[in-house]
Amino acid sequence: MNQETKITGTPLEDEQVVGTAEAGEEIAPKTPGKRKRLMLFLVVPFLLLAAGGWMWWSGQGKVETDNAQLKQDITSVGAQVGGPIAEVLVKEGQQVRAGQLLFRIDPEPYRVALLSAEAQLAQARLAKSQVVTAAAGTGADISGAQAQLTINERALARQAELLRQGFTTRVRYDEALADVTSARTALSDARSRAANAGAAIAPGGEQPGEAAARAAIAKARLDLARTEVRAPTSGTVANTDRLLAGQQAVPGIGLLSLVASSDAWVEANFKEKDLARMAPGQRAHIEIDAYPGLELTGRVASIGAGTGSEFAILPAQNANGNWVKVTQRVPVRIRFDGKPAKPMIAGLSATVTVDVE
């Protein structure tokens, strides 16, 4: 049989608990710890909802990515001629100006090549002189052959007249005719030699051999000048591991890098869904991981013409039809407002937030 019992105690006990209980049961008082737990159960979800709402509201009108890196113009410098490196004039981290000498390749083989080309030019000039002299001599041969032909033709005319009058023999007439024929042949040969000698002289006055020798001299001088490798632009010397005296320089292979520290930008890879609200000129906030607390601002300079996968060496292919859609990222270039207070190092990680409103 159930029976309600009213429990009455001291005033303190009356404040802690008042209630009913079944017969034979004790009623436990409510402690302050339970109240705290109850408050936590109510307050913590409310705080989480408030924080999420604030983050959602503050993120409106902005797009952010931490997939961003500092970029700088990097020029790979190598030798244009081969040979052992004779002298190194720069070191890692050194600031250089455009045109400053970086290193020198052994120039002796190229000096010898220049001397050989100059000797070829002298030989070509000698050959030209001989051709011109030969051409001038053929003119005298033509004059002599023409004079001899004239003499022989007159003798033939006299023999013909004497033969008609009966004062000479037929044999002498035939001999005079043979002399005329021989003189005509000699004149024709002289004219042919003159034509050949004239054809050997170039119309412009410079023989092909001279032109080839001059080209060889120009190339030898250019190669000799290229043994001194100079900075194509101002910047900081980097990546000098292979730049050692005695190292064999191979044309087309970089031996050091020049980092143009005067110009730096941020390349931020944004998700493709963020691009609809982005445009050049929008303000950007930049945080660099290497410099906590450094606040930098910039502007969107340009939006890439293709995704990163499109410019990869091996673009992704979907030949078998089994394709999982992956969110693509597009590089966006961010230019700094003014010059940053800290040194900008290529490759540093950054976080970029763009105001798209």
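Can you pick out the pairs among Lys71/Lys273; Lys71/Lys339; Lys91/Lys342; Lys71/Lys342; Lys62/Lys342 whose Cα atoms lie more than 19 Å from each other? Write down the numbers at each step before the final one.
On the way: Lys71/Lys273 24 Å; Lys71/Lys339 14 Å; Lys91/Lys342 23 Å; Lys71/Lys342 15 Å; Lys62/Lys342 26 Å.
Beyond 19 Å: Lys71/Lys273; Lys91/Lys342; Lys62/Lys342.
Most exposed first by the Cβ proxy, i.e. fewest other Cβ within 10 Å, how do Leu48, Leu102 rank?
Numbers: Leu48 10, Leu102 22.
Arranged by neighbour count, lowest to highest, Leu48, Leu102 become Leu48, Leu102.
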Exercise. Counting only residues 5 or more places away or on other chains, whose amide H sits under 5 Å from the amide H of Gln328 once H atoms are built in the peptide plane?
Worked result: Glu272
Exercise. Reachable aspartates and glutamates from Lys36, Cα under 13 Å, same-chain residues fewer than 8 places away excluded?
Worked result: none
Seminar exercise, completed: Residues whose modelled amide H sits under 5 Å from the amide H of Lys62, counting only those 5 or more places away in sequence or on another chain, are Val356
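Can you tally the net charge around Ala113? Count Lys and Arg as +1, Asp and Glu as -1, for every other residue whose Cβ sits under 13 Å from the Cβ of Ala113.
0
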Exercise. How long is the gain from Ala98 to Arg35 if the chain were fully straight, where each residue apart is worth 0.36 nm and the alpha carbon distance is subtracted?
Worked result: 15.2 nm
Seminar exercise, completed: The answer for the net charge of residues other than Val356 whose Cβ lies under 14 angstrom from its Cβ, with Lys and Arg +1 and Asp and Glu -1, is +2
For this session: Work out the FRET efficiency for Arg125 and Glu228 from their Cβ-Cβ distance, taking R0 = 30 Å, and round it to the nearest 0.05.
Result: 0.45
Exercise. Considering amide H positions built from the backbone, and no H for Pro or chain starts, which residues 5 or more places from Ile105, or on another chain, come under 5 Å of its amide H?
Worked result: Ala86, Glu228, Val229
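Suppose every Lys and Arg Cβ carries +1 and every Asp and Glu Cβ carries -1, with no other charges. What dipole size does the range 108-225 come out with about its Cα centre, to the nearest 20 debye?
Details: 14 positive and 12 negative charges, 31 e Å.
Computed about the Cα centre, the dipole is about 140 debye.
Coordinate-derived values only; no laboratory data. Being a predicted model, the structure only gives us computed values, none of them experimental. No Cβ is skipped: glycine too gets one built from the backbone with ideal geometry, and neighbour counts run over all protein chains shown.
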